[in-house]
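Take a look at the structure set out below.
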Amino acid sequence: MHQLLSTATMLRTNPSTDAVSMPSSPANRASLSKLYLCRGLLALLWAAAFAPVHATLGPAATALLVTYPLIDAVSSLVDYRALKRDPERRITAFNAALSTLAAIATGSASAYGPAAVLAVFGAWAAIAGAAQFALGIRRRGQELGHQWPMLISGGLSFLVGITYCIRAAGPMPSLAVLSVYATGGGGFFVIQAGLLAWRSRRQR
């Protein structure tokens, strides 16, 4: 979390931020790369921690279920504080609020069993995925690596979220799929961070 807040400070104090789209200067692009990398690594760590405890909705599993949307909420807030363009700020603010509500709803749903958790998580994943796709569309310029990993990740999150909602109504819903979801999402964030870092090195 400290790394995320430090990234926000770097972005906020840099006067060269482009008013038309999120960072195009090498320094700002590097900061966005760090944000994506932190977000991706946290998702991968979460997946590794959740995999062995998902079978029973005990305190550890519930705490992790609440934590995952909060990771997304904090990342969105860091992104929001760095942005100058209003449409992008609205998307990130919406996602921060949505993820905060999802954390509360997921924690509450854990008292009702895997089906309720899967339904809440699926609804959040679908809406958050759509928001991520919309943000990726706005950042798809060459300066930000075309954002194709974010576009793919957002689109998949939308589709997978709907699938989870459907599976929640099935006979034996399992939360094992959430580790797979977090692993895939984290991987796309790490790939996007790598592409931004690679572009910065090329320009130097």
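The numbers here are math on the coordinates, done by the rules we state, and not lab data. Keep in mind it's a predicted model, so treat the numbers as computed, not measured. For neighbour counting, all protein chains shown are included, and Cβ atoms are generated from backbone atoms with ideal geometry for every residue, glycine included.
Quick notes
- The stretch 91-134: C-alpha gyration tensor shape, a/c 1.5 cut-off, then a/b vs b/c: oblate
- Computed label-point distance, nm, for sites THR163 and ALA48 using a 7 Å Cα→Cβ extension: 2.5
- Computed from the Cβ-Cβ distance with R0 of 30 Å, the FRET efficiency linking ALA97 to TRP198 stands at 0.35.
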